[in-house]
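Worksheet: one structure, shown below.
Bear in mind these aren't lab numbers, they're just calculated from the coordinates by the rules spelled out. These numbers were taken from a predicted model, which means no experiment stands behind them. Here the Cβ positions follow ideal geometry from the backbone for every residue, glycine too, while neighbour counts run over all protein chains shown.
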Amino acid sequence: MKNRLGIRLFLAGILAAVLAGCSGAEGKTNPSDSTIEEENGEQVEMPKQHSAVDYTVVDGIPAEKGTYAAMVLKDLDNPYWKAVKEGAEQAVEDINSSLGYTGEDQVRLTVDGVRAAEALEGEDVDSQIDTIDAVLSENPNALCLAVIDRESCTAQLEAAAESDIPVILLDSGLKDQTAAQAEAVCMTDNKKAAAEAAQRLCREMGERGQIAVFAHEESSGTSRERVDGFRMEVREKYPQAEIVNVSYETEEGIPVKETLEQYPDLKGIFCTSGTVTREVLEQLEEAGREDLLVAGFDADAELIEAMREGRLWGTICQNPRGMGYAAVTAALRASAGMPVDPSIDTGYVWLDQKNYREEKNQIYRYDC
């Protein structure tokens, strides 16, 4: 899947942006919003774009020789971020191929981020800020950035603006988007995705019963958006379903067992990240409560295996390779003085025990 056709397939769910996205009914792009284009003799389904810009291709971007794009991610060891990196590297490979650049003329990309050990030690935010400072000192032509803490990095982005370095945020935005001065935010529509998870979970529960929400760190914009999207959908459409607990991940972990003791009649669980989903499943197994319906977020190898075994009922699967590709495409456009949309929706798909094996859904999976 690392060839160009494979990446374009991963991008099939990208950018039914900003008006379309994935349909709530099926968790995929509406076929009526799609067009078919032929590449390398094969049929490739591509969604129609609701923007003048197509972030699934780099052709036509007049990148100067030696253009340097930098990317700083949240985590270099997580499969999700590895997939983002793959998509970003594919975009650079494609632009060099398109422009015929070789050797020192090539557009280049560096990818930095936090290692798992730093995250465990609670030094991830400070480490990321130091990394951004170091990257900016190298004066890149553009910066793609996935912030760990949505209240951090404002000073670094102001410094980037002063140096005329366009910034593309990916995966999540900042608390103060105006101060951030970013060219664009390239991400999943987290509220919409979480709302779909709520819809599917509530329906599977018979639209009634107790639900617990377990979320990753509260300082993360994606965490808050997913919690808000899920909570709002349940509150507005499923009055007989009740969210009895919302717990955010801390250094002490996730209080699954405590929640089970407090709410023995719990029927469903929603998790806001792959890491949280894995921990919740582990604690449920230890507690002998694998009867609960668990809706997760993300789809790495461990979660796909949990779905195969029946321990995970369903999950929102993002489009990380598409996100990486689109972020670099936007960064190259911005550095070349071309227009960039302020919001770029990279899409998602709902996977459950019924559909995760279907061929059309394999393009989203990042179980590496």
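Got a sec to turn the phi values of the stretch 303-315 into Karplus ³J(HN,Hα) couplings, 6.51 cos²θ - 1.76 cosθ + 1.60 with θ = phi - 60°, whole Hz, x for Gly and Pro?
So the Karplus estimates, Gly and Pro as x, are 6, 5, 5, 4, 5, 4, 7, x, 7, 10, 6, x, 7 Hz.
Per-residue counts of other Cβ atoms within 10 Å, averaged by peptide: what ranking do you get for 309-322, 84-97, highest first?
Taking the mean over residues of other Cβ atoms within 10 Å, the ranking is 309-322, 84-97.
Among the listed pairs Lys191/Lys237; Lys192/Lys237; Lys267/Lys354; Lys85/Lys192; Lys74/Lys191, which are separated by more than 22 Å between their Cα atoms?
Pairs exceeding the cut-off: Lys85/Lys192.
Using 0.36 nm per residue, how much length does the chain from Lys354 to Glu242 gain when fully extended, once their Cα-Cα distance is taken away?
Contour length minus Cα-Cα distance gives 37.7 nm.
Counting only residues 5 or more places away or on other chains, whose amide H sits under 5 Å from the amide H of Ile148 once H atoms are built in the peptide plane?
none
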